[in-house]
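Asks: This structure is in structure tokens; I'll ask about it shortly.
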Amino acid sequence: MKTADAATERKLLITALQHRSDRARNYILANCQHEDFGTEEGQEIRARMTALLKFGKELGDVAIFGADPTLSKEAKEFLKCSRNTKTKAAKIPRRHIDRMLQIVQDFRKIRSLYDGAKAITELCTGQYQESTISKAESVLLDVVKQLRENREKSVTHFGRNRSEEEVKQWLRQMMKKRKDQFIRTGLTHLDKHLTGWRRGDLVVISAPRGGGKTAMILQMMVEQFRSGYNVGLASLEMDEEQLMERMIANVTNTRANNVRRRDFGDKEDRRSVWEQWKQFELETSQKHGNFFSPWELKDSDYRPENLELDMGPFGYDIIYVDYLSLFSSGKQEMWKAQKEHSRYLKQMAKRLNPRPVIVLLTQLSKDERTKYGTGPEEDADYWMWWRFGEEEQETGKVELRLGKARHARGGVIPAKFDLARMQIRTTGGVQTGMSSYVENRNKRKGKSKKGGKPSADFDNPLLDVDLDGEEAARGY
């Protein structure tokens, strides 16, 4: 069985070294890592590139890089090519680069599936002869998880053995603005406040049942796809058809019930729907070469480890999970399983390449925390939540609460919800002058320190934000 394409791997590495555009080189290196290569030579070359870049060294072209004395004889032979090959590699267009990256990543997925099937077979026919396939798969996933946690760690040692030039190069890299460091949320006023989410962040979004959580992430997906990001949605609740009905409603400004009934009006109305969707999907993908994909996950035993194996190779910039408590808890209590899952996904966001933002949906409990325990809040870099009672349903005016913001101040963002069309818009800037969550929860319940009476402003909508300890201590 073919589990690697050596010719494509070789061509991709030569292109990364020889292309006349630094932007093309950076694009290749950002979208593949040494694990993507199935040949030993390809893995060695990609790993050496990482080591050189880490210390601010130049890679050079094929001839310069191929003369690296640390490379094995086989790796040097792997890079040998004619002048004509180098000339072609210097000007390969973006679409061909994308195709090569896709082939390499597809083969990585094939290897994962092949290795998984092989391991399951060995487990079932070896020491686990009496086990069922499901039990063997569970053992395999535990092994995968353990390998992930015990992976080789990369550590920078400051001070010792670092020359002045190395320190200067490192600091120069740290001071350089990175164009792709932040990812837009798609909500205008939230982006102005945060500059966007940072790659590798874990974001938790909470709302009551029926409070518009799915509408919120669909709105974000639409705007992020339009901005050129690769977006993935792992849905453990809805099937693909239900999700796409809601997205069509958002993009074409059509009522969701009409989309569900396939009631699009007359011929002219249908033509308008087509033109809007064509502009959204085809023109966007032609401009940026990006994609979005809803994953319909039906397996009742699905776990974050499965998610990493399934979605990891595709190079998503943002991965949405709808929703956290629907992952399999096994025999654990829900609060413990949910904490374990959120911690795993937080680490997963930091080890995938490119680093994605992972967004988890959770339900909001009656005391306005994440349901089944506060573990996801503790792990999150950002936690956003909102109430959705009778008043919000009637007016559509909702106050989004940035209850935790590791890299910014918390606050309240006014928004307008149109759930009939699955559209959400922020309508004002972030307001940050507020008390802590616990203080204001007590005020709402009439538990102020002065005789148990609620304070005069206990129902002030700006009061319900739980800020991190240090910021709260400074009076933020």
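Asks: Name the residue, out of Gly200, Gly196, that is touching a residue at least 60 places away in the same chain (Cβ under 8 Å) and small (Gly, Ala, Ser).
Replies: Numbers: Gly196 fails: touching a residue at least 60 places away in the same chain (Cβ under 8 Å).
Only one candidate passes the filter, namely Gly200.
Asks: Can you tell me which residue among Glu240, Glu166, Glu245 is charged (D, E, K, R), touching a helix residue (DSSP H, G or I) at 6+ places or on another chain (Cβ under 6 Å), in contact (Cβ under 8 Å) with a residue 12 or more places away in the chain and surrounded by fewer than 22 Cβ atoms within 10 Å (Cβ to Cβ)?
Replies: Values: Glu240 fails: touching a helix residue (DSSP H, G or I) at 6+ places or on another chain (Cβ under 6 Å); Glu166 fails: touching a helix residue (DSSP H, G or I) at 6+ places or on another chain (Cβ under 6 Å).
None of the others qualify; the one that does is Glu245.
Asks: A follow-up question, please. Given the conditions (1) touching a Ser or Thr at 6+ places or on another chain (Cβ under 7 Å); (2) in contact (Cβ under 8 Å) with a residue 60 or more places away in the chain; (3) part of a helix (DSSP H, G or I); (4) exposed (fewer than 15 other Cβ atoms within 10 Å of the Cβ), and given that Trp277 satisfies all but one, which numbered condition is not satisfied?
Replies: Exception for Trp277: condition (2).
Asks: What number of residues within the stretch 296-353 are assigned to a loop (DSSP other than H, G, I, E, B) and not charged (D, E, K, R)?
Replies: Of the stretch 296-353, the ones assigned to a loop (DSSP other than H, G, I, E, B) are 297-303, 315-317, 323, 327-333, 352-353.
Next cut, not charged (D, E, K, R) only: 297, 300, 302, 315-316, 323, 327-330, 332, 352-353.
Final tally of qualifying residues: 13.
Asks: May I ask you to verify whether Ala63 is among the small types (Gly, Ala, Ser), out of contact with any helix residue (DSSP H, G or I) (no Cβ under 7 Å at 6 or more places or on another chain) and farther than 17 Å from Glu9 by Cα? Please lay out each step first, then the result.
Replies: Numbers: among the small types (Gly, Ala, Ser): yes; out of contact with any helix residue (DSSP H, G or I) (no Cβ under 7 Å at 6 or more places or on another chain): yes; farther than 17 Å from Glu9 by Cα: yes.
Judged against the criteria, Ala63 is a match.
Asks: Quick one: which of Val167, Val204 is over 30 Å from Trp386 (Cα atoms) and among the hydrophobic types (A, V, I, L, M, F, W, C)? Write out each step before concluding.
Replies: On the way: Val204 fails: over 30 Å from Trp386 (Cα atoms).
Sole residue among the options that is over 30 Å from Trp386 (Cα atoms) and among the hydrophobic types (A, V, I, L, M, F, W, C): Val167.
Asks: Among the candidates Ser285, Ser206, Ser300, single out the residue that is among the small types (Gly, Ala, Ser), modelled with pLDDT under 95 and within 20 Å of the chain's Cα centre (by Cα). Steps first, please.
Replies: On the way: Ser206 fails: modelled with pLDDT under 95; Ser300 fails: within 20 Å of the chain's Cα centre (by Cα).
Unique residue meeting the criteria: Ser285.
Asks: Being in contact with a Leu (Cβ under 9 Å, 6 or more places away or on another chain) and either assigned to a helix (DSSP H, G or I) or of a type outside the set (A, V, I, L, M, F, W, C) (or both) is the filter here; which residues of the stretch 64-85 pass it?
Replies: Residues of the stretch 64-85 that are in contact with a Leu (Cβ under 9 Å, 6 or more places away or on another chain), as a first pass: 64-66, 68, 71, 78-79.
Within the stretch 64-85, Ile64, Phe65, Gly66, Asp68, Phe78, Leu79 qualify.
Asks: Turning to a different aspect of this structure: Would you point out which residue out of Ala24, Ala75, Ala51, Ala89 is within 23 Å of Glu166 (Cβ to Cβ) and in the same structural domain as Tyr114 (by TED's automatic domain parsing)? Talk me through it step by step, then tell me what you get.
Replies: Details: Ala24 fails: within 23 Å of Glu166 (Cβ to Cβ); Ala75 fails: within 23 Å of Glu166 (Cβ to Cβ); Ala89 fails: within 23 Å of Glu166 (Cβ to Cβ).
Ala51 is the lone residue from the list that is within 23 Å of Glu166 (Cβ to Cβ) and in the same structural domain as Tyr114 (by TED's automatic domain parsing).
Asks: Then there's this: Looking at the stretch 390-433, what strands (runs of 3 or more DSSP E) fall wholly within it and have at least 3 residues that are in contact with a strand residue (DSSP E or B) (Cβ under 7 Å, 6 or more places away or on another chain) and within 17 Å of Leu364 (Cα to Cα)?
Replies: On the way: elements: 397-405, 411-418, 423-426.
Strands (runs of 3 or more DSSP E) meeting the threshold: 397-405.
Asks: Determine, yes or no, whether Gly411 is surrounded by 23 or more Cβ atoms within 10 Å (Cβ to Cβ) and either more than 22 Å from the chain's Cα centre (by Cα) or on the phi > 0 side of the Ramachandran plot (or both).
Replies: Answer is yes for this residue.
Asks: Given the condition touching a Lys or Arg at 6+ places or on another chain (Cβ under 6 Å) and of a type outside the set (Val, Ile, Thr), answer yes or no: does some residue in the stretch 304-317 qualify? First the steps, then the outcome.
Replies: If we filter the stretch 304-317 for residues that are touching a Lys or Arg at 6+ places or on another chain (Cβ under 6 Å), which is where we start, we get 305, 313.
Among the residues that remain, those that are also of a type outside the set (Val, Ile, Thr) are: 305, 313.
Looking through the stretch 304-317, at least one residue is touching a Lys or Arg at 6+ places or on another chain (Cβ under 6 Å) and of a type outside the set (Val, Ile, Thr).
Asks: Only one of Arg20, Arg48 is surrounded by 14 or more Cβ atoms within 10 Å (Cβ to Cβ) and either modelled with pLDDT of 90 or more or part of a loop (DSSP other than H, G, I, E, B) (or both); which? So that I can check it myself, show each step before the final result.
Replies: On the way: Arg20 fails: surrounded by 14 or more Cβ atoms within 10 Å (Cβ to Cβ).
Exactly one of Arg20, Arg48 is surrounded by 14 or more Cβ atoms within 10 Å (Cβ to Cβ) and either modelled with pLDDT of 90 or more or part of a loop (DSSP other than H, G, I, E, B) (or both), namely Arg48.
The values are calculated or read from the model by the stated rules, or taken from the named source; none is laboratory data. All values reported here derive from a predicted model rather than from experimental measurement. A quick note on method: Cβ atoms are made from the backbone with ideal geometry, for glycine too, and the neighbour counts reach across all protein chains shown.
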